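Participant: Have a look at this one before I ask anything.
The values are calculated or read from the model by the stated rules, or taken from the named source; none is laboratory data. For clarity, every value in this text was computed on a predicted model and none was experimentally measured. Neighbour counts run over all protein chains shown; Cβ positions are idealised from the backbone, glycine included.
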């Protein structure tokens, strides 16, 4: 099998290459200007509680689309897709324990599973780049650093736990631009939830992310900025221990056919 060495430029192309097993790496930089989504899949008897959890926590869990029980095609955002094969790596949690990280969900799929597509910060990265903010992992095999914070989400039924954030270093003179650029995209986490001292949100060591890879500070004038992250459901899974939760592996997103501007606000 030929492994893809260039980045796909559309959602359709990205999903096809991933489905064929030809593109299995973090999707930052994939299909620029197309909305990428986090994934959370739960049994139907837990779906309403999770939907309410998302409604109460729109910063880390902005809902892009919900698939009905057993449905595998994201009809509204990605016609022709298959949620079981179109993510490069998945994670399967049982009672809060990570039990598998498969490339497809075909052996795990059940007819009672409800899929949630949640907005992802990869979708606003082109706006950061357009404002002169360097993202060294963008368009590479590297991944953005992500941290579990001490910011508690608002619970719903069996679902509760700490918020996860993604971290980026931003030059001090571009912090305002970064806030303005990302604020236009509330459907993909929007403005940062914290700027400055990592310890203020429970991050004790900025060089040891809980997910992704470390991003070293490039110069003394760079400021740490943190955005709510769609990996939060994985933190919730470990805290709340639902019978079953399936997610994407951090950084391996579902790429939709929506354009970023479709979710932008003026």
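Participant: May I ask you to list the residues in the stretch 196-248 that are in a loop (DSSP other than H, G, I, E, B), touching a helix residue (DSSP H, G or I) at 6+ places or on another chain (Cβ under 9 Å) and farther than 19 Å from residue 92 by Cα? Talk me through it step by step, then tell me what you get.
Facilitator: We begin by selecting, within the stretch 196-248, every residue in a loop (DSSP other than H, G, I, E, B); these are 196-197, 202-210, 212-221, 229-231, 241-244.
Filter once more, so that each one left must be touching a helix residue (DSSP H, G or I) at 6+ places or on another chain (Cβ under 9 Å): 204-206, 210, 221, 229-230, 242-244.
Hits for the stretch 196-248 are 204, 205, 206, 221.
Participant: Still on this structure, I have one more. Out of all the residues in the stretch 24-46, which are within 19 Å of the chain's Cα centre (by Cα) and surrounded by fewer than 23 Cβ atoms within 10 Å (Cβ to Cβ)?
Facilitator: Going residue by residue through the stretch 24-46, those that are within 19 Å of the chain's Cα centre (by Cα) are 24-42.
Residues satisfying the conditions are 24, 25, 29, 32, 33.
Participant: While we're on this one: Please specify each residue of the stretch 56-69 satisfying the condition of being outside any strand (DSSP E or B) and in contact with a strand residue (DSSP E or B) (Cβ under 8 Å, 6 or more places away or on another chain). Quick ask: steps written out before the conclusion?
Facilitator: Start the filter on the stretch 56-69 by keeping residues that are outside any strand (DSSP E or B), which leaves 56-62, 68-69.
Result: 56, 57, 59, 60, 61, 62, 68, 69.
Participant: Then there's this: Mind counting the residues in the stretch 31-45 that are part of a helix (DSSP H, G or I) and either modelled with pLDDT under 95 or touching a strand residue (DSSP E or B) at 6+ places or on another chain (Cβ under 6 Å) (or both)? Explain how you work it out, then say what you get.
Facilitator: The first filter runs over the stretch 31-45 and keeps only residues part of a helix (DSSP H, G or I), leaving 44-45.
The next check asks that each one be either modelled with pLDDT under 95 or touching a strand residue (DSSP E or B) at 6+ places or on another chain (Cβ under 6 Å) (or both); those that pass are 44.
Selection size over the stretch 31-45: 1.
Participant: Suppose we filter the stretch 90-124 for residues that are outside any strand (DSSP E or B) and either free of Cβ contacts under 8 Å to residues at least 40 places away in the same chain or in contact with a strand residue (DSSP E or B) (Cβ under 7 Å, 6 or more places away or on another chain) (or both); how many remain? Step through it out loud before you land on a result.
Facilitator: Initial filter on the stretch 90-124 (outside any strand (DSSP E or B)): 95-96, 101-112, 120-124.
Those left that are additionally either free of Cβ contacts under 8 Å to residues at least 40 places away in the same chain or in contact with a strand residue (DSSP E or B) (Cβ under 7 Å, 6 or more places away or on another chain) (or both): 101-102, 104-109, 112, 120-123.
Looking only at that region, the number is 13.
Participant: For the stretch 125-135, give me the residue count where each residue is out of contact with any strand residue (DSSP E or B) (no Cβ under 9 Å at 6 or more places or on another chain) and either modelled with pLDDT of 95 or more or in a loop (DSSP other than H, G, I, E, B) (or both).
Facilitator: 1
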